[in-house]
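To keep things clear, I will list the structure first and then write my remarks on it.
The values are calculated or read from the model by the stated rules, or taken from the named source; none is laboratory data. Because the structure is predicted, anything quoted here is derived from the model rather than measured. Here the Cβ positions follow ideal geometry from the backbone for every residue, glycine too, while neighbour counts run over all protein chains shown. Each accessible area value is taken on the protein alone, full model and side chains, heavy atoms only, with ligands, DNA and RNA left out. Shrake-Rupley method; radii C 1.70, N 1.55, O 1.52, S 1.80 Å.
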Amino acid sequence: MKFETEGGAAQDGPLPSILCRRDDEHVTRVPVRGANRGPKTAAIIPAAGRGRRMGADKMLLPLGGIPVVVRTLRIFCAAPGLAQIILVVRPEDLPRYREDILPSWNLEGITLIPGGAERWQSVAAGLAAVADGVTLVAVHDGARPLLPPGLLSRSLEVGAALGAVVLGMPAVDTVKEVGGGVVLSTPNRRGLWLIQTPQVFAVDLLRAAYAQVGEGAKSTDDASLVERLGAKVHLLEGSPENLKITSPLDLRLAEAILDFRAGGGKGKRAKLRVGFGYDIHRLAVGRPLWLGGVHLPGEVGLVGHSDADVVLHALMDALLGAVGEPDIGHFFPPDDERFLGASSAGLLAQVAQNLAAKGATLLNADLTVVAERPRLAPHSGEIKEKIARILGCAPEQIGFKATTNEGLGALGRTEGIAAWAVAMVELRES
Ligand code: MG
């Protein structure tokens with residue numbers, strides 16, 4: 001057992017995070033490998049679209065159990081060297097994002113602002129919110145959740161060097177200009193590219209483009225405004241995986257791309273790993289009870305150095321065991337003051353990042369807790385939801401069962417609560 005020392009109040013504060021750390025109210029600073037080289041860079045993510053073709057808010061549709069816009073934000077949160085991430089949403093959605101979506105998916109330090117009815121209005125609002133000192137800005141559609149991280153870093157490098165770059169794909173189909181239902185012309189396909197995002201610009205250049213072009217001429221494409229200034233916009237070949245979710249079919253295609261990636265992209269057999277975890281904590285009057293990341297008020301709680309969440313401790317050991325890592329006591333020592341009263345949900349988020357860094361994806365976890373009381377079945381939905389959000393998976397991937405010990409032994413005498421967990425993960429082929 002890792003946290004069996006007395007004292008320490010449980011907390012439900014912001015989750016500690018390795019990738020996205022909030023340094024002040026408006027700026028996301030991401031730890032950078034080595035020195036903080038290169039220009040100070042911001043990302044603007046317009047996500048205020050009406051989803052007319054989807055018939056629903058496409059930004060929040062689940063893609064592999066994770067909302068589209070959350071997937072997009074995670075790519076940028078994980079990118080090294082970004083000084084600021086600006087998310088532009090519909091004004092009426094601001095409270096929902098601020099109070100629910102961003103905190104419950106552990107997305108911290110995002111600059112959240114209201115957008116306009118048209119895309120260009122949202123990008124203009126984003127530009128106005130760019131922090132002082134930022135010299136490079138990447139504009140990326142919130143509805144492109146499968147941008148390969150390597151393409152993001154490459155477009156930032158090229159944008160920093162050349163001032164304006166967009167991702168695109170050479171046209172595969174013949175393109176015709178059409179008017180009144182008839183073909184007007186057939187441009188030579190060899191010179192035609194279909195444009196994606198991110199589009200990366202020197203901030204001053206994009207600001208000048210927006211300032212000099214009249215509102216009627218503003219378009220769905222930021223590069224075209226920069227072109228009108230006479231500036232050179234460079235092209236970088238994008239990826240067919242970087243699709244924009246605009247229809248229900250796109251969502252199915254995106255699911256297929258995720259499956260393709262999980263299979264190593266070459267139809268290789270996945271490497272499956274299983275892990276097992278066990279934990280037990282003593283009960284004591286006066287302690288808060290935390291189980292599965294959920295606070296159960298009015299119940300006798302568990303004793304521990306952290307919040308003593310026995311369910312999450314067993315789960316963490318199962319996850320770590322699946323990838324051959326040592327147990328949670330190695331990562332969060334019980335004699336370390338930093339973990340006094342720590343939220344186990346926050347520790348689980350760090351374990352999840354450890355797994356992601358090792359190329360492991362959770363397939364499912366199954367949990368059994370043995371407690372004479374309280375009755376946990378009514379809380380199982382909330383517990384599954386909470387764990388799924390921390391691990392970035394769907395609640396269906398988490399099993400949660402509670403049983404009593406039929407009055408037998410120490411658990412039966414309500415001296416403590418114990419939990420067992422198994423987890424199966426898939427390792428990416430390297
Ligand atoms: Mg423990």
Which residues, counting only those in the stretch 271-293, are closer than 27 Å to residue 357 by Cβ and not aromatic (Phe, Trp, Tyr)?
271, 272, 273, 274, 275, 277, 279, 292, 293
In the stretch 405-427, is there at least one residue being open to solvent by 50 Å² or more (accessible area, probe 1.4 Å), of a type outside the set (Gly, Ala, Ser), closer than 23 Å to residue 325 by Cβ and in a loop (DSSP other than H, G, I, E, B)?
no
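Rundown of residues vs (1) under 30 Å from residue 156 (Cβ atoms); (2) basic (Lys, Arg); (3) surrounded by fewer than 21 Cβ atoms within 10 Å (Cβ to Cβ); (4) within 16 Å of the ligand (Cβ to nearest atom), yes/no style:
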residue: 255; (1), (2), (3), (4): yes, no, yes, no
residue: 274; (1), (2), (3), (4): no, no, yes, no
residue: 279; (1), (2), (3), (4): no, no, no, yes
residue: 282; (1), (2), (3), (4): no, yes, yes, yes
residue: 300; (1), (2), (3), (4): no, no, yes, no
residue: 314; (1), (2), (3), (4): no, no, no, yes
List pairs: first in the stretch 122-136 and in the same structural domain as residue 49 (by TED's automatic domain parsing), second open to solvent by 40 Å² or more (accessible area, probe 1.4 Å) and not in a helix (DSSP H, G or I), Cβ under 7 Å, 6+ apart or cross-chain?
125/114; 131/26; 133/40; 134/40; 135/39; 135/40; 136/39
In the stretch 161-212, which residues are hydroxyl-bearing (Ser, Thr, Tyr) and open to solvent by less than 80 Å² (accessible area, probe 1.4 Å)?
185, 186, 197, 210
Quick check: is even one residue across the stretch 136-145 out of contact with any Leu (no Cβ under 6 Å at 6 or more places or on another chain), charged (D, E, K, R) and surrounded by fewer than 21 Cβ atoms within 10 Å (Cβ to Cβ)?
no
When the stretch 383-403 is examined, which residues are found to be surrounded by fewer than 20 Cβ atoms within 10 Å (Cβ to Cβ) and either part of a strand (DSSP E or B) or not assigned by TED's automatic domain parsing to the domain that holds residue 370 (or both)?
399, 401, 403
